[in-house]
Amino acid sequence: MNNTFLEKKADVIIIGGGPVGLVTALKLTLSGISVIVIEISDKPYAEPRASTFHPPTLDLLDQLGISSKLIENGRKSKKWQFSFFNSENKVVFDLGILSNDTNHPYRLQCEQINLIKIASTILLKKNSESISYNTRAITISENTQSVSVKAMKGEENITFSGKWLVGADGANSMARKHLNVKFEGKTYPSSSVSINTTFPFHDYINNLYGVNYFWSEDWSFSMFRTKSFWRVGYSPQKNLSDKEALNDKNIQDRLSKIVQIENRFGIQSAVIYRIHKRIVKSFRKGRVILAGDSAHLNSPSGGFGMNGGIHDAFNLCDKLIRIFNGSSDSLLDLYSRQRKYAAVSDIQETSDQNYKKHREKNHKKRLEALNELKKIKENKEEYLKYLRKTSLISSLKDASRIK
Ligand SMILES: Cc1cc2nc3c(=O)[nH]c(=O)nc-3n(C[C@H](O)[C@H](O)[C@H](O)COP(=O)(O)OP(=O)(O)OC[C@H]3O[C@@H](n4cnc5c(N)ncnc54)[C@H](O)[C@@H]3O)c2cc1C
């Protein structure tokens, strides 16, 4: 073991080079605050996860010069539907009616790796030392003036020190564990499978939009269209192990319930994941602040996790910039109150409703849910309210009113 000890300093140390850590890093860098991002992977982290960018997130990312690049790599979906599969019994929502609320009145379907690559490229151009890849954050210590992270890069020990530490290190956050705060909530009973396939479903099924939530006789599934793939999501059958659910035969069987073809479906990736609804009591303790999945988890139904985390990042950066300009650090407690409110009252609540609605198997209850959505659409004010809620426009506004 090499016993060299290196010390690296920046104004703000960020653990985690996922979407939340990198957006935080870029926003602070562009405001003249130095950062170092510690990332365990040896390159931008590429697991297929988020693909939905909501309108206000694109408005925010525009400030960093990122949205146009994401749009180049993604596919706009102005309309989305909730529908009985292969029937005309459906509700189609049109985000175009939000054109007075946002510069991006659509959902963008674009894999989260694009954001990670774009943000890290800009960041490294500004400062080639601002991301430390292949580096595992291990312990955190702090005093009244600063905070330090001991980390390992290969065989090398490095201490990263700064004024503030942002824990953007995801669901298994070591920063959260260091704070010793409970991550309260629950794990949902059914997990979810997400398949990226190159199969051109749009050539076989009429009236597909970029975002589709379907109920079929004995199951339900979602279909999202990115620039390169269709992403199909569903709960695996109850009696299957994770390995069985991801077995190629099983995947082919599931996809052939959507369209029957003679050959196999081309599978680009297949993942299975648990779904949680969890939140920390406070997003801040001392000099350590949590953001994104390290602070809150929700069902991906509705596409809110990454979006909510990016909203955390912007809110937090706004407070940190003011603190570096002389404001009181009590602003970080305001950040915690505001973003906890958004996570609990909007994001978790709506994604929980989506989770239940989408997995409903009882036909009568499905009809009731669809009729409720149809009723919303008939009333202009209710329709606007619903679209503002499901695209997180009202979540941002409601959170900013919290004192
Ligand atoms: C299949 C799927 C689909 C989803 N779809 C959507 C969607 O459409 N829209 C949406 O908004 N959300 C979606 N989500 C949720 C979204 O992916 C997450 O909310 C988002 O990735 C959270 O970003 P983050 O930066 O907080 O954490 P992460 O993306 O988990 O990033 C954390 C980073 O920290 C690094 N790290 C962890 N520990 C350490 C350590 N000790 N030292 C150094 N580095 C460390 C990791 O390597 C990682 O790069 C989806 C999730 C899944 C699983």
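Quick notes on this one:
- Listed by first and then second residue, the pairs linking a residue in segment 320-346 that is of a type in the set (Val, Ile, Thr) to a residue that is loosely packed, with under 15 Cβ neighbours inside 10 Å, with Cβ atoms under 6 Å apart and 6 or more places separating them unless they lie on different chains, are Ile321/Ser31.
- Of residues in segment 20-46 being hydroxyl-bearing (Ser, Thr, Tyr) and within 15 Å of the ligand (Cβ to nearest atom), the one surrounded by the fewest Cβ atoms within 10 Å (Cβ to Cβ): Ser41
- Residue check, Phe304 closer than 19 Å to Ser400 by Cβ and near the ligand (Cβ under 9 Å from one of its atoms): yes
- Strands (runs of 3 or more DSSP E) contained in segment 267-369 and holding at least 2 residues out of contact with any Gly (no Cβ under 7 Å at 6 or more places or on another chain): 267-273
- Selection of segment 344-360 for residues being surrounded by fewer than 19 Cβ atoms within 10 Å (Cβ to Cβ) and at pLDDT below 95 yields Ser345, Glu349, Asp352, Gln353, Lys356, Arg359, Glu360.
- Residue check: Val232 meets all listed conditions (1) in contact (Cβ under 8 Å) with a residue 40 or more places away in the chain; (2) in a strand (DSSP E or B) but one, namely (1).
- When segment 385-403 is filtered for residues that are of a type in the set (S, T, N, Q) and closer than 27 Å to Leu331 by Cα, the ones remaining, listed by number, are Ser391, Ser394, Ser395, Ser400.
- Residues (among the basic types (Lys, Arg) and either within 30 Å of Gln252 (Cα to Cα) or surrounded by 15 or more Cβ atoms within 10 Å (Cβ to Cβ) (or both)) located in segment 175-219: Arg176
- Test result for Gly16, more than 9 Å from the ligand (Cβ to nearest atom) and either farther than 15 Å from Gly303 by Cβ or of a type in the set (A, V, I, L, M) (or both): no
The values are calculated or read from the model by the stated rules, or taken from the named source; none is laboratory data. The structure presented is a predicted model; accordingly, all values stated were derived computationally and were not measured. All Cβ positions, glycine included, derive from the backbone under ideal geometry; neighbour counts span all protein chains shown.
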